[in-house]
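The values are calculated or read from the model by the stated rules, or taken from the named source; none is laboratory data. If you're wondering where the values come from, they're calculated on a predicted model, not measured in any experiment. With ideal geometry, Cβ positions are generated from the backbone for all residues, glycine too; neighbour counts draw on all protein chains shown. To get the accessible areas, we keep the full protein, side chains included, count just its heavy atoms, and leave off ligands, DNA and RNA. Shrake-Rupley method; radii C 1.70, N 1.55, O 1.52, S 1.80 Å.
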Amino acid sequence: EMQRSLVGSEMCIRDRLILWEQRHLRLLRYLYYKEVGMYYIGVDLGTSSVKLILMEASGNIVNTVSKSYPIDFPKPGWSEQNPYDWYDKTCEGIRELVAGYNKDDIAGISFGGQMHGLVILDEDDNVIRPAILWNDGRTTKECDYLNNVIGKDKLTEYTANIAFAGFTAPKLLWVKENEPQNFKKIAKIMLPKDYIAYRFTGVHCTDVSDASGMLLLDVKNRDWSDEMIRICGITREQLPKLYESYEKVGCLTKEAADTLGLTDKVIVAAGAGDNAAAAVGTGTVGDGMCNISLGTSGTIFISNKEFGVDNNNALHSFDHADGYYHLMGCMLSAASCNGWWMDTILKDKDYKSAQECITDDMLGNNHVYFLPYLMGERSPHNNPLARATFTGMTMDSTRTDMTQAVLEGVAFAIRDSFEVAKGLGINITETRMCGGGAKSELWCRIMANVLGIKVELLKSEEGPSMGAAMLAMVAAGEYGSVKEAADNIVKICKTIEPQKAIADRYNSRYNTFKQIYPALKPVFDEM
């Protein structure tokens, strides 16, 4: 077979031999791991639940488990959770996930986690107060101070970003001002997923992708910003050790291994923020790739090999889990808008039936508009006071019109950030989709036509948990890089093309949509 492959080849014999060897070693490695059953655990620490997957080295998912936990809203616009709940439910979920599997066959664990949340520990590593989450809007005063007194130019110089209400640094300033007794107790500052990694390994760690959203990291140089440390009144010693997302943090401690029903040989990788982990799981790595996530929040994620900053700071400039960089636009309410509309308002769990009556001839012809700002908004408006609205209803407006408006409003809001990326000269011709909203083919079709680009759906779409498992594979040496893992595991099952007539109608509707927020902003401020 090797001799036949060399006949007539213009490639030199040495290069052909190397290529042949690589292909067959990859096959042998796949057969070996399939035979002995090596598995990797991906942990997606979300806002409402932790989702866990057990994945073979080949990328085949053999088991999934989800465990929910409560979220507390102590005041309007506030959002908190108990880190102990995260840990307890993650442990419970992993025990259930691996039940019936040989614990010696579990090779690694990694994480994708909700970003920006402030977890603070005292000198005994006890949690000082409930974690303040990414969608908490209490830090308007602190953001004003950072953006207007310290200055956006300085923040961009220090961190490549400006202050947003959900970011971690403003939360630290809020605790310093409003809970000084708690601020004085801080020995370690962590992000949500990193608390689980600490409990598993005993290492106070974080990764550069998640740390990018703290407003404490010098994103370009992948190191903590001394200027931001000084501004927040903390020390380097209070911050966790930085890792690349695919790097090994350590192995399970004996105590953690016993709790999980695993061995202390299991490798723990640093993991990534949920959006970066989801991007890995969709193969959005390398240069110029795009992914849109429709989860509780919504994101448009563009991977780049070169560092870059949006001049207006409408998009976040973060480190990526593949060792490079990415730009990201984030809206605070995406699939959660449809959940709110269906579950809370209509009290109807039949999402499929509600969307079946929305036909192609209705797309781009809806006279009802929806602003999807249920929790305020981040990209590109950066306004925690923004609110959701239905606009344009008349006596003949129907429930279906409003359901369609919710789906379209989220797509229009994603386009706001998409237009910023286009303004930077980035040519995006296709995007991959993930998150709960991506399970709606109608929503994906709306997205393709609102953006005017191809939408690719994945054969296996497990969001951050899949990306986390892939990062664990790299840490354990199964793959040499994140890109190699993505190239071998991520597969496209369907492509949705935009339809010119519908896309043209949506262009007209978008031009109206983008006028609504500026017109209502003074009203939101007054409210």
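Annotation: of all residues in the stretch 357-387 being within 30 Å of Ile162 (Cβ to Cβ) and not in a loop (DSSP other than H, G, I, E, B), the one that is most open to solvent (accessible area, probe 1.4 Å) is Leu374. Residues that are farther than 17 Å from Ala485 by Cβ and surrounded by 24 or more Cβ atoms within 10 Å (Cβ to Cβ) were ranked within the stretch 296-309; the one that is modelled with the lowest pLDDT is Ser297. Of the residues making up the stretch 483-527, those that are charged (D, E, K, R) and open to solvent by 70 Å² or more (accessible area, probe 1.4 Å) are Lys483, Asp487, Lys491, Lys494, Glu497, Lys500, Asp504, Lys514, Lys521, Asp525, Glu526.
Name the pairs: first residue in the stretch 495-514 and under 15 Å from Ala448 (Cα atoms) and hydrophobic (A, V, I, L, M, F, W, C), second residue modelled with pLDDT under 95 and surrounded by 19 or more Cβ atoms within 10 Å (Cβ to Cβ), Cβ to Cβ under 7 Å, at least 6 apart or on different chains? Qualifying pairs under 7 Å: none. Number of residues in the stretch 317-350 that are aromatic (Phe, Trp, Tyr) and surrounded by fewer than 18 Cβ atoms within 10 Å (Cβ to Cβ): the value is 2. Taking every residue in the stretch 109-121 that is in contact (Cβ under 8 Å) with a residue 24 or more places away in the chain and pairing it with any residue that is open to solvent by 10 Å² or more (accessible area, probe 1.4 Å) and among the small types (Gly, Ala, Ser), at least 6 positions away or on another chain, the pairs with Cβ-Cβ distances below 7 Å are Ser110/Ala475; Gln114/Gly46; Leu121/Ala187. For Ala314, the conditions (1) of a type in the set (Gly, Ala, Ser); (2) in a loop (DSSP other than H, G, I, E, B); (3) surrounded by fewer than 21 Cβ atoms within 10 Å (Cβ to Cβ) all hold with the exception of (3). Screening Lys193, Lys171, Lys176, Lys185 for residues that are at pLDDT 95 or above and over 18 Å from Pro240 (Cα atoms) leaves exactly one candidate, Lys176.
Looking across the stretch 158-178, the residues that are open to solvent by 10 Å² or more (accessible area, probe 1.4 Å) and aromatic (Phe, Trp, Tyr) come down to Tyr158, Trp174. Within the stretch 122-137, being on the phi < 0 side of the Ramachandran plot, open to solvent by 10 Å² or more (accessible area, probe 1.4 Å) and either free of Cβ contacts under 8 Å to residues at least 60 places away in the same chain or over 22 Å from the mean Cα position of the chain (by Cα) (or both) holds for Asp122, Glu123, Asp124, Asn126, Val127, Ile128, Arg129, Pro130. In the stretch 66-73, the count of residues that are at pLDDT 95 or above, open to solvent by 60 Å² or more (accessible area, probe 1.4 Å), hydroxyl-bearing (Ser, Thr, Tyr) and farther than 30 Å from Ala386 by Cβ is one or more.
Inside the stretch 132-143, can you point out the residues that are at pLDDT 95 or above and either among the aromatic types (Phe, Trp, Tyr) or over 19 Å from Met115 (Cβ atoms) (or both)? Passing the criteria: only Lys141. If you go through the stretch 227-242 and keep only what is more than 17 Å from Pro180 (Cα to Cα) and in contact (Cβ under 8 Å) with a residue 24 or more places away in the chain, you end up with Glu227, Met228, Leu239, Pro240, Lys241, Leu242. For the stretch 414-469, filtering for residues that are charged (D, E, K, R), assigned to a helix (DSSP H, G or I), under 25 Å from Ser48 (Cα atoms) and in contact with a strand residue (DSSP E or B) (Cβ under 6 Å, 6 or more places away or on another chain) leaves 0.
For the stretch 98-114, a residue qualifies if it is of a type outside the set (Phe, Trp, Tyr) and either open to solvent by 40 Å² or more (accessible area, probe 1.4 Å) or under 21 Å from Glu237 (Cα atoms) (or both), and the qualifying residues are Ala99, Gly100, Asn102, Lys103, Asp104.
The residue of the stretch 181-224 that is surrounded by the fewest Cβ atoms within 10 Å (Cβ to Cβ), among those that are farther than 13 Å from Ile120 by Cβ and out of contact with any strand residue (DSSP E or B) (no Cβ under 8 Å at 6 or more places or on another chain), is Asn221. Residues that are more than 22 Å from Glu80 (Cβ to Cβ) and acidic (Asp, Glu) number at least 1 in the following helices (runs of 4 or more DSSP H) confined to the stretch 183-283: 226-232, 254-260.
All conditions in (1) more than 30 Å from Ser465 (Cα to Cα); (2) touching a Leu at 6+ places or on another chain (Cβ under 9 Å); (3) hydrophobic (A, V, I, L, M, F, W, C); (4) open to solvent by 30 Å² or more (accessible area, probe 1.4 Å) hold for Leu155, with the sole exception of (4).
If the condition is being part of a loop (DSSP other than H, G, I, E, B) and either within 23 Å of Gly436 (Cβ to Cβ) or under 13 Å from the mean Cα position of the chain (by Cα) (or both), then the stretch 317-350 contributes His320, Ala321, Leu332, Ser333, Ala334, Lys347, Asp348, Lys349, Asp350.
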